[in-house]
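Chemist: Can you keep this structure in mind? I'll have questions shortly.
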Amino acid sequence: LGRLAWEIARRGYESQGNEFSYYMLLASSYVLNGTDAAEPTSIYPWVHSTSNNVTDADAERPATFPDVSPSGEPGDPPLNMSMCAGDFVEVYTAEDMVGAWDAVCTCFFLDTAENVLQYLRTVYGCLRPGGYLINLGPLLFHWAEHGGEQLSLEMSLEDVLLAADRIGFELVRREAELLPCGYTGNAKSMLRTVYHCAMFTLRKPA
C-alpha cells in the first residue's frame with residue numbers, strides 16, 4: 001500500500017509507486033496522507049475469525065498503523081515520491097517511460113502478470129542502461145485459476161531467470177535460500193500462510 005515506494009523515497013531517492021486497483025490506491029492514499037504515528041488508526045481484522053484462535057483476545061485485538069509517520073519527523077526534507085494509477089505494462093511502455101528509471105523494485109508483483117515475460121520486457125524497456133531490477137516474491141500466478149480464455153503463463157523460478165537472461169538481463173545476485181515471508185496473516189493464529197520467496201537482482205547492461 002505504498003510502503004515500498006515510501007521507504008525508497010525516505011532514503012533520498014526519487015520514487016514512484018504503481019498500482020492498478022483503485023481499492024489499493026484509496027487505502028494507500030489514506031495511509032500516506034491521512035494518518036500519523038502519533039495518533040495511529042486501529043482496525044480489527046480478525047474479529048470475525050472464529051477458527052484457529054488460542055484465546056478470545058487473539059481475535060479481538062486491534063491492528064494499528066502506521067508504525068512511523070508517513071510525513072516524517074519535524075525538520076525532515078520532503079519526500080520525492082509519487083503514485084501512478086494504471087496497468088503496469090500500459091504505463092511503463094509509454095514513450096516517456098522508455099529508459100527513464102535507474103531501478104525497478106518489485107515486491108510480491110511478478111506473479112500478478114498474465115504473462116510474466118511481458119512484465120520482464122516492460123521492466124527492461126523502462127530501465128536506463130546499467131539499471132537494476134530488484135525482486136522479492138513468490139510465484140503464485142494470480143491468473144492461473146481463472147480458466148477460460150484468460151491467458152496465464154506459469155513458469156518456474158528457473159525458467160523466469162532463464163527468460164530474463166534471454167531478454168538481456170544479467171543476474172547480479174540471487175539469494176541462495178528462499179526467504180520465508182508472511183502475507184496479511186494473524187501472527188497469533190494456529191494457522192498461518194507463509195510464502196518462501198525468491199529474492200534476486202538483475203541488471204540491464206550498460
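The values are calculated or read from the model by the stated rules, or taken from the named source; none is laboratory data. Owing to the predicted nature of the structure, the values given are computational and were not obtained by experimental measurement. Neighbour counts are summed over all protein chains in view; Cβ atoms, including those assigned to glycine, are modelled from backbone coordinates with ideal geometry. Areas reflect the complete protein model, heavy atoms only, side chains present, ligands, DNA and RNA absent. Shrake-Rupley method; radii C 1.70, N 1.55, O 1.52, S 1.80 Å.
Chemist: How many of the residues in the range 1-44 are farther than 26 Å from W101 by Cα and either of a type in the set (F, W, Y) or in contact (Cβ under 8 Å) with a residue 40 or more places away in the chain (or both)?
Modeler: Selection size over the range 1-44: 3.
Chemist: Moving on. Go through the range 1-42 and give me each residue that's open to solvent by 100 Å² or more (accessible area, probe 1.4 Å), in a loop (DSSP other than H, G, I, E, B) and of a type in the set (S, T, Y).
Modeler: Y13
Chemist: Moving to a separate point now. Cβ contacts < 6 Å: first residue closer than 21 Å to L26 by Cα, restricted to the range 69-98; second residue open to solvent by less than 90 Å² (accessible area, probe 1.4 Å) and of a type in the set (D, E), any location; separation 6+ or different chain. Result?
Modeler: From the range 69-98, the pairs are S69/D36.
Chemist: State all residues of the range 134-153 that are free of Cβ contacts under 8 Å to residues at least 60 places away in the same chain and either open to solvent by less than 30 Å² (accessible area, probe 1.4 Å) or charged (D, E, K, R) (or both); if no residue qualifies, say none.
Modeler: Of everything in the range 134-153, those that are free of Cβ contacts under 8 Å to residues at least 60 places away in the same chain and either open to solvent by less than 30 Å² (accessible area, probe 1.4 Å) or charged (D, E, K, R) (or both) turn out to be F141, E145, E149.
Chemist: Please determine whether any residue of the range 154-165 is closer than 21 Å to L179 by Cα, small (G, A, S), modelled with pLDDT of 95 or more and open to solvent by 30 Å² or more (accessible area, probe 1.4 Å).
Modeler: Within the range 154-165, one or more residues are closer than 21 Å to L179 by Cα, small (G, A, S), modelled with pLDDT of 95 or more and open to solvent by 30 Å² or more (accessible area, probe 1.4 Å).
For every residue, the table says whether it meets (1) outside any loop (DSSP other than H, G, I, E, B); (2) touching a helix residue (DSSP H, G or I) at 6+ places or on another chain (Cβ under 9 Å).
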| site | (1), (2) |
| --- | --- |
| G72 | no, yes |
| V89 | yes, yes |
| A103 | yes, yes |
| P129 | yes, no |
| L136 | yes, no |
| E158 | yes, no |
| L161 | yes, no |
